[in-house]
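The values are calculated or read from the model by the stated rules, or taken from the named source; none is laboratory data. This is a predicted model, so every value here is computed, not measured. FYI the Cβ positions are ideal-geometry reconstructions off the backbone, even for glycines, and counts take in every protein chain you see. For the accessible areas, the whole protein counts, side chains as well, though only heavy atoms, and no ligand, DNA or RNA atoms are used. Shrake-Rupley method; radii C 1.70, N 1.55, O 1.52, S 1.80 Å.
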Amino acid sequence: MLTLTKDRALALVMLIVVGIMWMESGNIRPPTSWQPYGSALFPRILLVVIGLLSALILLRSLLSKLPSRTAPGRSFGEWVAYNRTVLSLFALFAAYAALLPLVGYIVATLGFLVASLALLLGIDSWRKWAINLGISLTLAPLVYAIFRFGLNVWLP
Amino acid sequence: MADFFLQALAQVGSPSVLGLIVIGVLFGIIGGSIPGFTVTMAILVVFPFTFAMDPVSGVSLMVGVFVGGYSGGIVSGVMLGIPGTPSSITTVYDGYPMAQKGEPGRALGIGVAASFLGTLISVAVLVFFGPLIASFSMNFRPWEITALIVFALTLVAGLSSGAMLKGLLAAALGLLITTVGYDRNSNLRFDFSVPALGSGFEILPVMIGIFAFSQLMGNLEKLRDEQDKAKGVDTNVAIPYATILRDMASQKLNTVRSSLIGSLVGALPGTGGTVANFISYDQAKKFSRHPERFGKGIPDGIVASEASNSAVAGGAFVPTLALGIPGDLPMAIMMGVLILHGITPGPLMFEQNPILVGAIYASLLIGAVIMVLCQLLLVRWFAKISLIPQEILIPVVLMLCAVGAYALNNNLFDIWVLFIFGVVGYLLWKAEVPLTPLILGVVLGDNLERQLFRALELDSNWMAFLTRPLSALFLALAVASVIFSLYQNHKIQRTHLKARRDDA
């Protein structure tokens, strides 16, 4: 049975992206008499190139005599458990982006820094909490002050 | 040019701009000295702070980060044995053993002196060759520029990590990203009925997302073990000035040769500090009377490595300023700064913005002097800062990236763009897709499409790209670079197969 290696996954995702983008390119206004090369031409050239390269990567991975450099055989659950720190950090960043317009820069940034530092540094000692809160409580207002008063840029 | 240079020097020499160069150099050294942070990340973090500045101030700050960043890698290289930035890998070969032998101050001093001289020599190269190439490229028309961009992208795709197909895929993806939103004919493309996509993606959040997230999350996975080395490092360093003067006096040829290699390699698209580093180290070893002492703590190795990687800074400005084609990632971001300030790098920049070109020269020179002073006076502090753990650095940098993306247009959508391209960049990095061609594609996409269609509007025959000599030459070079990279890949695969058969 064929295993899903990195190269095969990449090629398949790219081919799906190409398919979706190609269909969407049908919505681009067609060429006119004064614009013989329409707006869809350049992206379609790129889509063809990406499609061909993805097909080549897929073909090469199927024909390759070398074993895959990846470590196959890991279930989705194991993969999530293995990458939980990175995935949690992405989730925290998404939450930060969502909270910014609701609670403002200072509160959202404090929340993001405290939570992500706790995730990465750990929460098992008073020293770590002191470092966490010291950095968060200093940096969030400091960056706000630099942008607001030094660079005249309003943060939300 | 001399008049413009003096005018630029007067502007760059003003207290406020000098202050910015000092801040830039300090931040660059700190960025370069923290393992895994890299020059590019330092530039990305500082980039948003230039939004509210005039072009000379913004560019001077960024040049300061550049100069500092390329020299900063030596600190962690010598103290921890971990290159702070990929362009100082070979510094570790001799710097770390010298520090282990009880001479960290000597290793750092030699590295700083070589960095300084490397920067000065590369500025001379930039001053001499930049205008020459710019005046030559004034004859380029849309066919030549299109072919040159294609050549640069294929070269970068081939050289970036040896995976030619993935490199080309990344470059094409980067170009595709620039097609979202309204095009040159005011037609809407790929908006998927989402109004926010109508204006397309800003280069900055896309670049930061792709690079910063993949780098930082990658650091999380890789650097945990390496940081254990930081425990118990003695940061009490003293620089032995007299010894360093003697060392440098015996390294004149090595310094000049390595600086010229760095400048030349920096000027080639797709290469950069890392390539320059290895070539000049190899050459220094070949020319040395004691090649057997390389890797054991010889000054020659540190000089070759640091002179060449610092010389890359000046060399890399040559194609960026003269042709509008950035050779590597830091330069792509530098080009983003210029575009943000309403300046289009290319042949006309030398005519239309001579003061800004002069300001770049002057900032490089002043930055080099400030770099030496900062490194020599504050080296103990940089050594301490290089020990900052990634666990603290990563959340702080992510927060700064978010603020930078927002500050560009005061637009929250840009933070989501940053996040989405962060996820994309991380997944591509996991799939071993080189990210430099992707980012160059994003930077060059608009120009490539504009030049391609300008050429076709002037002459609808596609064969014109092959009948014009220079355009045909660039396209032939592009094809040759693809074939060469494929051949190399094939050779590497054959070697792997042979090794596996031998093991069996």
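For the reader, a short list of remarks on this structure follows.
- Amide hydrogen neighbours beyond the local backbone of B:Arg189, cut-off 5 Å, H modeled: B:Gly181, B:Tyr182, B:Asp183
- When a 1.4 Å probe is rolled over the protein heavy atoms, the share of accessible surface on the range B:285-379 that falls to carbon and sulfur comes to 61 percent.
- Pairs from B:Lys166/B:Lys430; B:Lys222/B:Lys430; B:Lys252/B:Lys384 whose Cα-Cα separation, in the structure shown, is over 20 Å: B:Lys252/B:Lys384
- Hydrodynamic analysis of the protein assembly as shown uses the Kirkwood radius over alpha carbon pairs. Inserted into Stokes-Einstein at 37 °C and 0.692 mPa s, it gives a translational diffusion coefficient of 127 µm²/s.
- Backbone phi angles across the range B:132-139, fed through the Karplus curve with coefficients 6.51, -1.76 and 1.60 (θ = phi - 60°), yield HN-Hα couplings of 4, 5, 4, 5, 5, 7, 4, 7 Hz in residue order; Gly and Pro are listed as x.
- Using the Cβ of B:Pro437 as centre and a radius below 14 Å, the other residues enclosed give a net charge of -1, where K and R count +1 and D and E count -1.
- The loop-placed trypsin sites (Lys or Arg not before Pro) in the range B:446-504, going by DSSP, include none that has at most 12 neighbouring Cβ atoms within 10 Å of its Cβ.
- Once exposed loop chymotrypsin sites (Phe, Trp or Tyr not before Pro) are cut out (DSSP; at most 12 other Cβ, 10 Å), longest piece of chain B: B:193-461
- Mean separation of Cα contacts under 8 Å, 6 or more apart, over the residue count of the range B:39-128: relative contact order %: 20 percent
- Measuring heavy-atom accessible area with a 1.4 angstrom probe and counting protein chains only, the residues of the range A:81-99 that give up at least 50 Å² relative to the chain alone are A:Val86, A:Leu89, A:Phe90, A:Phe93, A:Ala97.
- Packing, as the average of other Cβ atoms within 10 Å across residues, places the peptides B:370-380, B:330-340 in the order B:330-340, B:370-380, highest first.
- Helical mean residue ellipticity (222 nm; -39500 (n - 2.57) per DSSP H run of 4+; nearest 500) of chain A: -23000 deg cm²/dmol
- Across the range B:116-122, coupling constants 3J(HN,Hα) worked out from phi with the 6.51/-1.76/1.60 Karplus curve, θ = phi - 60°, read 4, 5, x, 5, 4, 5, 5 Hz, and Gly and Pro carry x.
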